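Coordinate-derived values only; no laboratory data. The model shown is predicted, which means the values in this text are computed figures rather than measured ones. A quick note on method: Cβ atoms are made from the backbone with ideal geometry, for glycine too, and the neighbour counts reach across all protein chains shown.
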There are 2 protein chains.
Amino acid sequence: MMVISGPFERHDHASCRTRALAQAEEVCGDRLTAVRRRVLEMLLESHVALGAYDVLERLRSEGHRAQPPVAYRALDFLVAQGLAHRIERLNAFIACHRPADCEAPAFLICRACNRVAETGNAPKRGALARDARALGFEIEETVIEAQGLCPTCQTP
Amino acid sequence: MMVISGPFERHDHASCRTRALAQAEEVCGDRLTAVRRRVLEMLLESHVALGAYDVLERLRSEGHRAQPPVAYRALDFLVAQGLAHRIERLNAFIACHRPADCEAPAFLICRACNRVAETGNAPKRGALARDARALGFEIEETVIEAQGLCPTCQTP
DNA sequence: TCAACCTTGTTATACTATAACATATCCCGT
DNA sequence: ACGGGATATGTTATAGTATAACAAGGTTGA
């Protein structure tokens, strides 16, 4: 099954955000505290990945006197819950738009507009898994991040 | 075709290094300057990925009065020539053991011993490529990094 | 009541990376 | 020989990313 979510296709952005927040509440209960919830909202509102210091800045601009660990803790929590993903290439974070169904995500990063799309679960039976098995290497988690140009940015 | 090189299998390490250096000379000619060559050797000697500051420290311990840009420049050069790879998860670098045949590498990173194996070229026809095509996204480069436990570290 | 756990606040610092400018060298065309 | 462009290195300073460590409040349950 192929599932794609992300900024390169038209979709109802507001409802998509609402749904993701509702799912987050469900998953976390009252562990989704004010700061964590606010950070998740920020990520959901932004199609470009946000760095920890971007998040920090936004918190501060809202009156929150926050230090770096505040942003990192909130982001780490969201990632641990599967509500957000870290994009290694960018040292930045995006919200997961379908936390329920997201075991091994892959990402398409546009180097021109910086938007990031999350694509369907990565293969458990691909060449990598086969190679790992042959070596006796036990894979726990795989980072897959493709860089290139999104449809919009291909025609300057 | 599946090709695997790396620290999780027995191999003739010395000759493997010699061969890689010879290939580097071939590719670069006299652009493989002393520092660049030395840094490549360091990477070839180490099966764990080296951070830029690890490299810097080694250069300094050899009497070279180097500043951070020296390490970064050498590493950037090696990566640009396909002689080394950057491991995003680790903010660190490893030598490529087969620069000639290395278009879309993937990596297996052991979280216990920190060694990194490079596996055969990643698929151009996998699920990711298919998804990207469906979206009209043009992939230029893909990072694939799996973390887990190597055979040795699975039995504590 | 107290102890364990989780969350947040706060300070300080560690680690990673690059901008910007100076100097030197080599190759090449004239 | 000269000048000019491209490449490589030296050096200073600073930007950007991340975490250690300790303090303090809140909730829960024994």
Exercise. If each of A:A112 and B:A129 carries a label point 7 Å out from its Cα toward its Cβ, how far apart are those two points in nm?
Worked result: 2.3
For this session: Provide A:C110, A:C16 in ascending order of the number of other Cβ atoms located within 10 Å of each residue's Cβ, fewest first.
Result: A:C16, A:C110
Exercise. For label points placed 7 Å from Cα toward Cβ, what is the shortest-first list of nm distances from B:Q67 to its copies?
Worked result: 3.1
Problem set entry | Estimated dipole of chain A in Debye, rounded to 20 [Cβ of Lys and Arg +1, of Asp and Glu -1, Cα centre] | 200
Problem set entry | Calculated label separations, A:G136, copies of the chain, 7 Å along the beta-carbon direction, nm | 5.0
Exercise. Under a 5 Å amide H to amide H cut-off, with H placed in plane at 1.01 Å, what residues pair with B:F107 once short-range neighbours are removed?
Worked result: B:T119, B:I144, B:E145, B:A146
For this session: Using the number of other C-beta atoms within 10 angstrom as an exposure proxy, rank A:V116, B:V70 with the fewest first.
Result: B:V70, A:V116
Seminar exercise, completed: To the nearest 20 debye, the protein assembly as shown has a Cα-centred charge dipole, built from +1 on Lys and Arg Cβ and -1 on Asp and Glu Cβ, of 240
For this session: Have a look at the DSSP beta bridges in the protein assembly as shown and tell me what percent are antiparallel, nearest 5.
Result: 80
Exercise. Under 5 Å between amide H atoms, partner at least 5 residues away or on a different chain: which partners does A:E141 have, H built in plane at 1.01 Å?
Worked result: B:Q147
Seminar exercise, completed: Simple spin-label estimate for A:E45/A:N91, 7 Å along Cα→Cβ, in nm, reads 2.5
Problem set entry | Within segment A:4-154, percent of DSSP bridges classed antiparallel, to nearest 5 | 75
Problem set entry | Nearest-0.05 FRET efficiency for B:V27 and A:V79, computed from C-beta distance (R0 51 Å) | 0.85
Problem set entry | Karplus-derived 3J(HN,Hα), 6.51/-1.76/1.60, for each residue of segment A:30-45, Hz, glycine and proline x | 7, 6, 7, 6, 4, 5, 4, 5, 5, 5, 4, 4, 4, 5, 5, 7
For this session: Provide the per-residue ³J(HN,Hα) series for segment A:82-89, in order, calculated from phi with Karplus coefficients 6.51, -1.76, 1.60 and θ = phi - 60°, each as a whole number of Hz, with x at glycine and proline positions.
Result: x, 8, 9, 10, 8, 9, 5, 4
Exercise. Say a paramagnetic label sat at a point 7 Å from the Cα of B:Y72, along Cα to Cβ; which residues of segment B:28-54 have their backbone N under 15 Å from it?
Worked result: B:51-54
Problem set entry | Label 7 Å beyond Cα on the Cβ vector: B:A80 copy-to-copy distances, nm | 4.2
For this session: Specify the angular offset, from 0 to 90 degrees and rounded to the nearest 10, of the alpha carbon long axis of helix A:52-61 from the longest principal axis of the alpha carbons in chain A.
Result: 20
Seminar exercise, completed: Each label sits 7 Å from Cα toward the beta-carbon; between A:Y53 and A:C16 the label points are separated, in nm, by 2.9
Exercise. Given R₀ = 22 Å, FRET efficiency for B:T155-B:S61 by Cβ-Cβ distance, to 0.05?
Worked result: 0.05
Exercise. Angle, helix A:68-80 long axis vs. longest principal axis of chain A, Cα atoms, 0 to 90°, nearest 10?
Worked result: 50
For this session: May I ask you to list the residues of segment A:122-152 whose amide nitrogen lies under 12 Å from a point 7 Å from Cα along the Cα→beta-carbon direction of A:E9?
Result: none
Exercise. Taking +1 at the Cβ of each Lys and Arg and -1 at the Cβ of each Asp and Glu, which of B:A34, A:F107, B:T142 sits farthest along the dipole of the protein assembly as shown towards its positive end, judged by Cα position relative to the Cα centre?
Worked result: B:A34
Seminar exercise, completed: From DSSP H assignment alone, runs of 4+ in chain B each adding -39500 (n - 2.57), the sum over residues rounded to the nearest 500 puts [θ] at 222 nm at -12000 deg cm²/dmol
Exercise. What value does segment B:39-111 have for Rg/Rh, both radii from Cα atoms and Rh as Kirkwood defines it?
Worked result: 0.96
For this session: Please compute the net charge surrounding A:E41, taking Lys and Arg as +1 and Asp and Glu as -1 over other residues with Cβ under 14 Å from its Cβ.
Result: +2
